[in-house]
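One structure below.
The values are calculated or read from the model by the stated rules, or taken from the named source; none is laboratory data. Treat the numbers as computed from the prediction; the structure is a model and nothing was measured. Neighbour counts are summed over all protein chains in view; Cβ atoms, including those assigned to glycine, are modelled from backbone coordinates with ideal geometry. Areas reflect the complete protein model, heavy atoms only, side chains present, ligands, DNA and RNA absent. Shrake-Rupley method; radii C 1.70, N 1.55, O 1.52, S 1.80 Å.
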Amino acid sequence: MDLPGKIDTVVVGAGQAGLSMSWFLRSGGRDHVLLDRRGRLGGGWLDRWDRFRLVSPNWTASFPGFRYAGPEPDGFMGRDEIAGRVAAYAKKTSAPVVLDTEVRRLSARPGGGFRVETSQGTTEAREVIVATGGFHLPRVPASAAALSKRVFGLHSHFYRSEGQLPPGAVLVVGSGQSGVQLVEELREAGRRVFLSVGTAGRAPRRYRGRDLFFWLRQLAERGPALGTPLPSADQLPDPRRRLAGNPHVSGHGGGHDTDLRRLGADGTTLLGRLESIDGERVRLAPDLSANLAAADRFFDERFVPLIDAFIERSGILAPPDDRVSFPYEPAAVSELNLSDAGISTVLWTSGYRFDYGWIELPIFDAMGFPRQQRGVTEVPGLYFIGSLWQHNQGSATLFGMELDARALAERMGLTPPGNELGEGASASA
């Protein structure tokens, strides 16, 4: 498909969020086009490492009108399967996607609407929906510039497999979902691993007889009616929490808990937050014990009261909490000599930063988030979908995008149709 010179609605991004909006736009008779910088469909999943697996069960990989109905609803898809599912959905819905098209500038037109400048030319639109997610540019601490030239530094965005790293031990910096999963992968490959622990919390794979994501979806869909909704972004006690790393949990090996204390007891050297680098010397904050304790408290403080109240009010029969704490307490380390420790690689699992520089409209807050309410910005005709904390913590999840897309469609004056099941319903969903 070629880039039109003028169209009613432009969707920037053809991943799950953009394709979900496309379904609602098509159902509402809205002429639109999706622009994607990639040369093939699959969304951001194409950037993941070779052995990547979803942390949410397969049943969450459902699109509007296209429910998961495969043989393993409670399994965890690998990278290629979820990317292929995105591409299959685009084909099934005949989504009007223009590939190899990078949007370089979005500006308002004097007479109303928008001017969208791309690598393939310019188009004009009455409405624009930004569906580029929240993981744009790999974020590496400024201190990385002082790392010894002997040491190979790599952000997890560019990591594909253990074999691309030079022989030797690995220092992983960041203990969110990616960091902890990569620690496990490196350990399985026989590497000695050091992990610099940050502030990300942890969550159990299962709680009171159900997968974590079953409860998250229940809170997102049914919780508001029962007084137990997932907290929205404006209810957070500190807006900076929107940038916190996702709690660590894993879909590998059929899905399991990822407890930093167990990793330490099994041989991973746990360290505090990285403070500075001077060649081969790394200074570490004296916060390891506090960070581990905070990770342990995260789920109990943020989710247990909501889930327990939901269970009681909904009448769901659920067994009691059977989690058991692990008491391991690692020794504190204030400084690490990379050469003496045999470390040849520093793997930065330090997250991403926003890249909205191409949007020439004053709609961003001091932290770089777009100012919006359920996807609707203060600029008429400009919308967002799939952003971090667009509505709540579920917004950037597989199940949350569909909920937000339906809500945004209603606010755009579209009449969302019933959720026809393109593949048949999964009992777990």
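Here are some notes:
- Pairwise label distance in nanometres, ARG210 with SER339, each label 7 Å out on the Cα-Cβ vector: 5.6
- Helical runs (DSSP H, four residues minimum) scored at -39500 (n - 2.57) apiece and divided by the length of the chain put the mean residue ellipticity at 222 nm at -7000 deg cm²/dmol.
- Packing-based order for 184-192, 168-176, using average beta carbon neighbours within 10 Å, highest first: 168-176, 184-192
- Degrees separating the helix 398-411 axis from the principal Cα axis of the chain, which is the longest one: 30
- Of ARG242, ARG374, ARG210, the one that fluctuates the most in a GNM where the chain has Cα springs shorter than 10 Å: ARG210
- Of the solvent-accessible surface of the stretch 105-216, computed with a 1.4 Å probe and all protein chains present, 50% belongs to carbon and sulfur.
- Shape parameters for the stretch 244-402, alpha-carbon atoms, Rg then Dmax in Å: 20.7, 59
- For the stretch 314-372, the list of chymotrypsin sites (Phe, Trp or Tyr not before Pro) that fall in a loop by DSSP and count at most 15 other C-beta atoms within 10 angstrom reads TYR328.
- Ligands, DNA and RNA are left out, and with a 1.4 angstrom probe the accessible area of the chain is 43 Å² per residue.
- Zone of ALA366's modelled label, taken as backbone nitrogen in the stretch 237-256 under 12 Å from a point 7 Å along Cα→Cβ: 239-240
- Whole-number percent relative contact order across the chain, with pairs defined as alpha carbons under 8 Å at least 6 apart: 25
- Extension reserve of the ARG150-ARG313 stretch, reckoned as 0.36 nm per residue once the Cα distance is removed: 52.8 nm
- Against the chain, whose longest principal axis comes from its Cα atoms, helix 304-314 is set at around 50 degrees.
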